[in-house]
Amino acid sequence: MLIKRPKSWEISENKTTDENIYLNRRTLLKAAGFGGLGVAAALNWPGNAMMAAEQDPNADLYPAKVNPLYADAGRPITDEEINSTYNNFYEFGSHKRIHKAAESLITRPWNVVLDGLVENEMTLDFDDLVRKLPLEDRVYRHRCVEAWSMVIPWTGFPLKSLIELAKPLSSAKYVRFETFQDSKMASGQKQTWYPWPYTEGLTMEEATNDLAFIATGAYGKPIAKQFGAPLRLHTPWKYGFKSIKSIVRLSFVEERPVSFWQELNAKEYGFYANVNPEVPHPRWSQATEQVLGGKDRIPSKIFNGYGEQVAHMYTDLAPEVSFR
Ligand code: MTE
């Protein structure tokens, strides 16, 4: 992001696992009655992620029913170990290996506030919310502005179903999202040059597009802390920094919000941040991307390949606005 660009791909090809192997491994372990730390250690999975998932009060909700519209992302699912150990979550450090530091994230109790220009301001307890809205499984491509990508099997619900609970007024033009702020828990927030808390924004039209998704689970279980537990956004047609983690507040507002990265460097990180291989980042090309765990770089696609569902929202915008 702003600070540094990864110089080279660090994870070797022998760590990749295709989807079938991943699914078979899970099925096998379940059938054999394995669980807990022993298996996590045997699989060399990071930290105690698997044990944490089993102790989660909502473990029974995962995996959910697959939404057939998003059952296949056209590329193999990224191996969970690779995904779990290569993350951007600046609250826990401005590098990729934050998974151990992220274990200090306390996810209970967890409230989400919906406020601003709405009929129903509300504070929702996460454990109530996750049982209130029907969960579904979706596989999404994820393209970071740093030109790497993954494919992730999420569980969660469309953002629009959360928004409907609050009944926004017609004067609400944008949603502003906010992450927790607690520098005792998240030592990265002691880095005072960042504009904490992490914030992001979407237009109401973007936020209610069917693709905008709130993930509460990944890889068939409650979402791991490093992915932004207990709930994070994923807007797969946009660069990954729009997909804010560990959300505590959604505010419905009239003015366009200024996001974390925009505030740091508006010349490099814009509001829309839609993926476009033809509009380079000021410091590097966006033409191709490194698939994490894959061998070769592949060409990137406009809107990360989701144009059919989202392109209509940007027909009036100049490329330098829509794609930066
Ligand atoms: N959300 C918060 N709260 N803090 C962050 O540092 N990083 C963003 C986004 N959401 C970030 C965040 C960036 S830059 C990316 S690319 C994605 O999360 C990374 O998501 P992943 O770690 O699940 O791949």
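Of the listed requirements (1) surrounded by fewer than 20 Cβ atoms within 10 Å (Cβ to Cβ); (2) in a helix (DSSP H, G or I); (3) in contact with a Ser or Thr (Cβ under 9 Å, 6 or more places away or on another chain), Thr107 misses just one: (2). Considering the range 193-221, and only residues there that are of a type in the set (Phe, Trp, Tyr) and over 26 Å from Val151 (Cβ atoms), the residue that is farthest from the chain's Cα centre (by Cα) turns out to be Trp193.
Taking residues in the range 230-247 that are on the phi > 0 side of the Ramachandran plot and touching a residue at least 24 places away in the same chain (Cβ under 8 Å), and partners anywhere that are more than 7 Å from the ligand (Cβ to nearest atom) and of a type outside the set (A, V, I, L, M), the pairs with Cβ atoms closer than 6 Å and at least 6 places apart or on different chains are Ser246/Phe180. Scanning the range 144-173 for residues being under 19 Å from Thr199 (Cα atoms), within 14 Å of the ligand (Cβ to nearest atom) and either buried (at least 23 other Cβ atoms within 10 Å of the Cβ) or aliphatic (A, V, I, L, M) (or both) gives a total of 1.
Listed conditions (1) part of a strand (DSSP E or B); (2) in contact (Cβ under 8 Å) with a residue 40 or more places away in the chain; (3) among the polar types (S, T, N, Q) are all met by Asn120, apart from (1).
Every condition in (1) in a loop (DSSP other than H, G, I, E, B); (2) more than 14 Å from the ligand (Cβ to nearest atom); (3) surrounded by 15 or more Cβ atoms within 10 Å (Cβ to Cβ); (4) among the charged types (D, E, K, R) holds for Asp72 except the one numbered (3). For the range 55-80, the set of residues classified as within 24 Å of Trp110 (Cβ to Cβ) and among the small types (Gly, Ala, Ser) consists of Ala59, Ala64, listed by residue number.
Just one of the listed residues (Lys184, Lys160) is of a type in the set (Lys, Arg) and part of a helix (DSSP H, G or I), namely Lys160. Being more than 14 Å from the chain's Cα centre (by Cα) and surrounded by 16 or more Cβ atoms within 10 Å (Cβ to Cβ) is a property that holds for Arg176.
Any read-out appearing in this document is the output of simple, stated calculations on the displayed coordinates, not a laboratory observation. These numbers were taken from a predicted model, which means no experiment stands behind them. Note that each Cβ is placed from the backbone with ideal geometry, even for glycine, and that neighbours are counted across all protein chains shown.
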